[in-house]
1. Enumerate the amide H contacts of A164 below 5 Å, restricted to partners 5 or more residues apart or on another chain; note that Pro and chain-start residues carry no placed amide H.
2. Please give the direction-averaged projected area of the C-alpha convex hull for the range 20-120, in square nanometres with one decimal.
3. Relative to the present Cα-Cα distance, how much length would full extension add between N93 and R131 at 0.36 nm per residue of separation?
4. 7 Å from Cα along Cα→Cβ at both T86 and R61: what's the point-to-point distance in nm?
5. Using only the Cα atoms of the range 135-227, build the gyration tensor, take square roots of its eigenvalues as a ≥ b ≥ c, and label the shape rounded, prolate or oblate: rounded if a/c is under 1.5, else prolate if a/b is larger than b/c, else oblate.
6. Let me check I've understood the local charge: for H64, count other residues with C-beta under 10 angstrom from its C-beta, Lys and Arg +1, Asp and Glu -1. What total comes out?
7. Within 10 Å of each residue's Cβ, count the other Cβ atoms and sort K50, K60, K122 from fewest upward.
8. Using the structure shown, list the pairs from K60/K224; K69/K208; K60/K185; K122/K208; K37/K112; K96/K152 with a Cα-Cα distance above 27 Å, or answer none.
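Laboratory data are not the source of any read-out in this text; all were calculated from the coordinates shown. Please read these numbers as outputs of a predicted model, since none were measured by experiment. Because the Cβ atoms are built from the backbone with ideal geometry, glycine has one as well, and the counts that use them run over all protein chains shown.
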Amino acid sequence: MLRHFETRSVLKLMLLPTLLVAGSVCQAQDAEAQFRKTCMSCHTIGAGKKVGPDLKDLGKRRPHEWATKFITGPLAMIDGGDPTATTLLRENNGVKMPELGVTVAEAQALLKLIDDYSAQGKTLGTAAISRPATPEDIRRGRLYFTGDLRFKSGAPACMSCHRAQGVGGWGGGWLGPDLTGATAKYGAGLSGVIENPSFPTMQGVFSKTPASAEEAFQVASYLKSVGSQPPASRDVAFPVLGVVGLVGGMLLGGHLGRKRFKGVRKNLRSR
Ligand code: HEC
Ligand code: HEC
């Protein structure tokens, strides 16, 4: 056990200089790749607000030091009562930027990327589709959610891992959370989150087979339509009532219906 550990740390030490050199060479591409993978579900550079603010010209409104601290530890800043973070939280529907395991070096590369794009007037990412949803959008969104309509990329149906008010129930997946309240949580940014999820489990699946902007918009429209229904207290009450009802019914039925049952069985046998 101990020896295993030692070998590993020696190996790491030997690798470190190589990694540092290689790191600075491809930092620019790395930062862009990381932005696409880790940040773009919630932010654009210069293409408008999503779940979080447009990061264009970030360098003009925040010192790099503050931004580095925020990117590497957003929750500590928000929960620690940092005044800027508190204002941002209020301006962004109370959605907290999650801890994403970004290192200080990575954050600095990301900030450089944001500054470079802002200075050159280049954009990265697309803002959420903002046209109003039609009933057809909502209908198609529901079909994508249940898997009755397949995503073009071949991505799995949301219902294999999620439930939402009125869909799934016992049949829906339990790996991910119930999505009835997703609109309340992510607001207009929800379709961006679906198009480009930064949640570890989903990313594993959707980074290779992403939903298109249009598909994501329709699923988000569907979730918004169920989100405005009364809260899902039924989610608990329904199964419980169901089980009580089933057991009760079996007891009652067993008692009252024994004779009838025998009759049926006799009938079956005589055929
Ligand atoms: C799940 C959504 C989400 C992801 C993913 C995310 N952010 Fe954020 N970000 C937010 C929200 C929301 C805010 C506004 C503050 C708050 O409410 O927590 C924010 C705020 C920020 C701010 C402060 C903006 C300002 O105007 O001062 C920076 C900088 C930032 N994010 C950078 C990043 C970077 C870089 C990444 C990728 C490593 C990232 N974020 C990933 C949601 C996200
Ligand atoms: C392979 C399983 C899987 C599939 C398929 C999947 N998700 Fe998820 N999803 C998860 C898990 C697990 C989480 C919780 C965060 C994590 O660990 O990744 C999650 C989190 C989410 C969240 C954030 C919920 C919250 O409360 O913050 C949203 C929104 C979401 N998924 C939407 C969708 C939509 C829409 C689809 C279909 C396009 C989908 N997911 C398909 C597993 C999945």
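1. G169, L179
2. Numbers: hull surface 25.2 nm².
For the range 20-120, the mean projected area of the Cα convex hull comes to 6.3 nm².
3. Values: separation 38, 0.36 × 38 = 13.68 nm, distance 2.00 nm.
Roughly 11.7 nm would be gained on extension.
4. 1.9 nm
5. On the way: a/c = 1.18, a/b = 1.10, b/c = 1.07.
Rounded shape, in that the Cα axes give a/c under 1.5.
6. Numbers: positive: R62, K69, K112; negative: E65, D115.
Its environment carries a net charge of +1.
7. Details: K50 28, K60 8, K122 11.
Placing the least packed residue first, the sequence is K60, K122, K50.
8. Values: K60/K224 35 Å; K69/K208 31 Å; K60/K185 29 Å; K122/K208 25 Å; K37/K112 17 Å; K96/K152 31 Å.
Long pairs (Cα-Cα over 27 Å): K60/K224; K69/K208; K60/K185; K96/K152.
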